[in-house]
Amino acid sequence: MTEAGPDPNEPVRSIRAPVHLEYHFMPGRASSRFLRGVEQGRLLGQRCPQCAKVYVPPRGACAACGVPTDEEVEVADRGTVTTFCVVNVPFHGQKIKLPYVSATILLDGADIGLFHLLQEVDAEKVHMGMRVEAVWAPPEQRKPTLESILHFRPSGEPDADYETYKDHV
Ligand SMILES: [Zn+2]
């Protein structure tokens, strides 16, 4: 006689297993230069010696050409929204009021977009080509992290012509 219960041969399809992972990110030389610049309110990229593309943040090499990018270039803390997403879904640990916008911003002088938060504008008013500027934390609060830029906001400039950013969408 056996007790009534689950079939012991039935496969277990899921279990609940809380896991905590702690990461320590080591930025490396190129990213460290970038992050030290951010701490000083500057955005430093690197230009590829072959294709001349400016990477911000720099990774120390051009992914397309496979060569080191040693030339340091300072880019503007303003740029153009190339793509964006409106976040409507609440999630655990969320600090920002919904809906909000995360955007890829092509900084003036850069050739790859920087992903950051866009605030001080209604989500439905955000669009491709919108000109935006960085809102920095006060100098005494800046640290070597992109959180030293609190967010971007519309700069009030006229929209950028699609031709100026079409290759970066
Ligand atoms: Zn290159």
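The values are calculated or read from the model by the stated rules, or taken from the named source; none is laboratory data. Computed from a predicted model, the values in this text were never measured in an experiment. Cβ atoms come from the backbone with ideal geometry, glycine included; neighbour counts cover every protein chain shown.
For this structure, a couple of remarks:
- Residue that is farthest from the ligand (Cβ to nearest atom), among those in the range 46-57 that are part of a loop (DSSP other than H, G, I, E, B) and under 15 Å from the mean Cα position of the chain (by Cα): P57
- Among the residues of the range 111-152, those that are more than 21 Å from K97 (Cβ to Cβ) and in a loop (DSSP other than H, G, I, E, B) comprise D111, I112, G113, M128, G129, P138, R142, K143, P144, T145.
- Near pairs, Cβ below 7 angstrom, 6+ apart or cross-chain, from the range 153-169 (assigned to a loop (DSSP other than H, G, I, E, B)) to any residue that is among the aliphatic types (A, V, I, L, M) and at pLDDT 95 or above: S155/V132; D159/M130; Y165/L106
- In the range 92-107 there is at least one residue that is exposed (fewer than 13 other Cβ atoms within 10 Å of the Cβ) and small (G, A, S).
- Among the numbered conditions (1) within 16 Å of the ligand (Cβ to nearest atom); (2) in a loop (DSSP other than H, G, I, E, B), the only one that V73 does not meet is (2).
- Any hit, the range 108-127, residues being away from the ligand (no atom under 16 Å from the Cβ), exposed (fewer than 14 other Cβ atoms within 10 Å of the Cβ), at pLDDT below 95 and closer than 28 Å to G28 by Cβ: no
- Of all residues in the range 102-125, exactly one satisfies the criterion of being within 17 Å of the chain's Cα centre (by Cα) and farther than 25 Å from V54 by Cβ, namely Q119.
Rundown of residues vs (1) assigned to a strand (DSSP E or B); (2) loosely packed, with under 12 Cβ neighbours inside 10 Å; (3) of a type in the set (A, V, I, L, M); (4) more than 16 Å from the ligand (Cβ to nearest atom), yes/no style:
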| residue | (1), (2), (3), (4) |
| --- | --- |
| A4 | no, yes, yes, yes |
| I15 | no, yes, yes, yes |
| L44 | yes, no, yes, yes |
| R59 | no, no, no, no |
| A63 | no, yes, yes, no |
| C85 | yes, no, no, yes |
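- Among residues of the range 138-154, those that are exposed (fewer than 15 other Cβ atoms within 10 Å of the Cβ) and not acidic (D, E), counted: 5
- Number of the condition not met by S31 [criteria: (1) surrounded by 10 or more Cβ atoms within 10 Å (Cβ to Cβ); (2) part of a loop (DSSP other than H, G, I, E, B)]: (2)
- Residues that are modelled with pLDDT under 95 and either within 16 Å of the ligand (Cβ to nearest atom) or among the aliphatic types (A, V, I, L, M) (or both), drawn from the range 19-42: V19, L21, M26, A30
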